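Step one of this worksheet: look at the structure below.
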Amino acid sequence: KRTIIMNFNNVVLLLLVFNGKASGFTATSSSLIWNKKSSISLKTYNNKKRSISLYAVPPEANGKTVTPHKKLRLNVNEKARTVTSVCTSGTLCTVSIQEGIVGAPFGSYVDYVLDDEGNPVVLMNEMSMHTMNIRENNNNDNGNNNNMVTLFTQLAAGNTGQDVSRCSLTGKIDKIDPSQAEDIDAIRMRYSIVHAYADQVMDSPKFDFYRLIPSKIYFVGGFGVLAKWVDLQD
């Protein structure tokens, strides 16, 4: 195992490599002490504990401290990636199966992390309404796209209202089989780091991870500014 640490505008990106499998998560610089050694204990899907030693260091190149260029501009695809990476929660829109509102959009607040391919992964209770919508619509796929969902996520708004960047990721979502998914340990690790409460429920038989594979991504830069569909490959 090894740890690669990068700093960009006071955000630390930690890239952990286990047995050749890459996994990443974000943490603020306040959670680490510069030039001090820290340790994190993780529990994998097989209930094996792993300990990671981390060093937080200022970003340097050729012996000199690197300061990001203040005029750095991101293209639309990079902005979309930034929104989905920085955000850790959003609104999951499913198609309702509830009597009286069958077929209506149903929004639920959910937390998520990204897998190695950038696909959102959500930990859901089997009794949650959005989970029941997904399960029923997936079981009754008749070609009308009722089994499609949208995850809407946006940067913290503060007092700016709609003037923030946001993304809508639309596609199919399926339950992850932990016995078949090679990245299940990485997903569990990321979720427990980003969402501390997950350790209390992820081993419960009532909770499962679901992976959203986007087929369309729509980015909005803010109020009255650029909005466009984003290329999936980017």
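The values are calculated or read from the model by the stated rules, or taken from the named source; none is laboratory data. Not measured: the values here are computed from a predicted model. Each accessible area value is taken on the protein alone, full model and side chains, heavy atoms only, with ligands, DNA and RNA left out. Shrake-Rupley method; radii C 1.70, N 1.55, O 1.52, S 1.80 Å.
Is segment 97-234 best put as rounded, prolate or oblate by its Cα gyration tensor, with a ≥ b ≥ c the root eigenvalues, rounded for a/c under 1.5, and otherwise prolate when a/b is larger than b/c, oblate when not?
Oblate is the answer for segment 97-234, as a/c is 1.5 or above yet b/c matches or exceeds a/b.
Assuming a ≥ b ≥ c are the square roots of the Cα gyration tensor eigenvalues, decide whether segment 130-211 counts as rounded (a/c under 1.5), prolate (otherwise, with a/b larger than b/c) or oblate.
Here segment 130-211 falls in the oblate category.
Going from most exposed to least, what order do ASP115, ASP199, ASP208 have by accessible area with a 1.4 Å probe?
In descending accessible area the options line up as ASP199, ASP208, ASP115.
Once ligands and nucleic acids are excluded and a 1.4 Å probe is used, how much of LYS175 is accessible, expressed in Å² to the nearest 10?
Surface open to solvent at LYS175 totals about 120 Å².
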